[in-house]
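Q: This is the structure I want to talk about, given as structure tokens.
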Amino acid sequence: MYSQTKKNGTVYNEHPAINAVESMMQAYFSGDTDKVASYLADDFKSYQGTSLNKDDKGNDKEWFLRSVKWVNENWSYVTFKRTPGAYPDAIEYKGDSGLWVQTWDHLKAIDNKTGVKLDMPIHRLYQMASDNKIKTMITYDNDLPWAERRRSFAPRTNGTIYNNHDNINTVRLVVGALENGDADKAFSYFTENAMFTNLDMADGESNTLAEEKAGFLDMLKNWTIESIDVQGYPDYLEYELGNAKVVQSWWIIRMARKSDGKKVKLPVMLIHDFNDEGMIIREAGYYTLAALNVK
């Protein structure tokens, strides 16, 4: 029931090697190539830990030093700090493995050419030479921002935009029914498991179809909808990426409070997601009902 254990070295949370790797990376992001070079062994190699290339020979010291200049020419607003709650370890292994430092950091930057934002954790392993020079660096990070940057240099389409479409007609029918207080018809265009959100909701919160319908009917007890007028025209976007089907529309809702006749204009942007059968599966309402609290 109890497995055998065997010690294979010593772990340090304070060590000159930790100071070396952290100082090197700060020099890296500040653009000090000479200082970076002073921390690297002559046979230094860097590797991408998530690479699928079985023949990866790594990048040498000269390549890494060129990357210092590239980063400082291509990134702005750079910060590179320890991940909150984490700290580096220096591990002195028995045998031939020697001393390794492992770090957990967070990188933030904006790419100057594409505007792509880097905001991600980075885990690195550093193998140290006997003189505390860095011999090997292995990086584990998220490739998605890098892939987005690479894609951003070439224009490409992502579907078709329509200003006339059956899904646009459906949204008009929904809004027309709401304007006339016909909740049964308005919500008949949604699937039973449709979700509804608006700006008054906390992140991750949503209403069910029944909750949204009940909330609308409850609002009608105190308010009269005088008109809902389209602003501009709706767009239907049929995306290639993710096969999403989305109608975006903009409206002004004119309302009057029954108790005192107070009139309110409520600007609304609606985003409706459709399934392949032409039913609405999600509504995101960019509006806040705080306007209805007017005195």
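The values are calculated or read from the model by the stated rules, or taken from the named source; none is laboratory data. None of these values were measured; they are calculated from a predicted model. Methodologically, a virtual Cβ is constructed for each residue, glycine included, from the backbone with ideal geometry; neighbour enumeration extends over all protein chains shown. What goes into the accessible areas is simple: the full protein's heavy atoms, side chains included, and nothing from ligands, DNA or RNA. Shrake-Rupley method; radii C 1.70, N 1.55, O 1.52, S 1.80 Å.
Q: Leaving out ligands, DNA and RNA but keeping every protein chain, what accessible area does residue 130 have, in Å² rounded to the nearest 10, with a 1.4 Å probe?
A: Roll a 1.4 Å probe over it and residue 130 shows about 130 Å².
Q: Roughly how big is the chain's charge dipole about its Cα centre, with Cβ charges of +1 (Lys, Arg) and -1 (Asp, Glu), in debye to the nearest 20?
A: Computed about the Cα centre, the dipole is about 600 debye.
Q: Would you compute, from DSSP H runs of 4+ residues alone, the mean residue ellipticity of the chain at 222 nm, taking -39500 (n - 2.57) per run and dividing by the full residue count, rounded to the nearest 500?
A: Numbers: 7 runs with 73 residues, N = 295.
After summing the helix terms and dividing by the residues of the chain, the value is -7500 deg cm²/dmol.
Q: Tell me, what is the percent relative contact order of the chain, built from C-alpha pairs under 8 Å that lie six or more residues apart?
A: Details: 527 pairs, mean separation 38.2, N = 295.
Answer for the chain is 13 percent.
Q: Fully extended, how many nm does the chain gain between residue 263 and residue 26 (0.36 nm per residue separation, minus their Cα-Cα distance)?
A: Working: separation 237, 0.36 × 237 = 85.32 nm, distance 5.86 nm.
So the chain would gain 79.5 nm between residue 263 and residue 26.
Q: To continue, here is another question. For the stretch 84-154 and the stretch 174-246, what is the separation of their C-alpha centers, rounded to whole Å?
A: Computed from Cα coordinates, the inter-centre distance equals 45 Å.
Q: Not counting ligands, DNA or RNA, and with a 1.4 Å probe, what is residue 251's accessible surface area in Å² rounded to the nearest 10?
A: Counting only protein heavy atoms, residue 251 exposes about 20 Å² to solvent.
Q: Relative contact order (percent) for the stretch 165-295, with alpha-carbon contacts under 8 angstrom and 6 or more residues of separation? Before the final figure, lay out the partial values.
A: Details: 231 pairs, mean separation 33.4, N = 131.
The normalised contact order for the stretch 165-295 reaches 25 percent.
Q: Using a Gaussian network for the chain with springs between C-alpha atoms less than 10 Å apart, which of these wobbles most: 258, 61, 135?
A: Maximum fluctuation in the GNM of the chain, among the listed residues, is at 258.
Q: Here's a follow-up. Taking the 0 to 90 degree range and rounding to the nearest ten, how far is the long axis of helix 61-74 tilted relative to the main principal axis of the chain, both from C-alpha atoms?
A: Result, in degrees: 30.
Q: Quick check: the angle from helix 166-179's long axis to the longest principal axis of the chain, C-alpha only, nearest 10 degrees?
A: 60
Q: Per residue, how many Å² of accessible area does the stretch 35-123 show with a 1.4 Å probe?
A: Counting only protein heavy atoms, the per-residue value for the stretch 35-123 is 61 Å².
Q: Further question on the same structure: What does the accessible area of residue 230 come to, in Å² to the nearest 10, when a probe of 1.4 Å is used?
A: Taking all protein chains as shown, residue 230 has close to 70 Å².
Q: According to the Kirkwood expression over distinct Cα-Cα pairs, how big is the hydrodynamic radius of the stretch 28-174, in Å? Working shown, then result.
A: Values: mean 1/r = 0.0546 Å⁻¹.
Computed over the stretch 28-174, the radius equals 18.3 Å.
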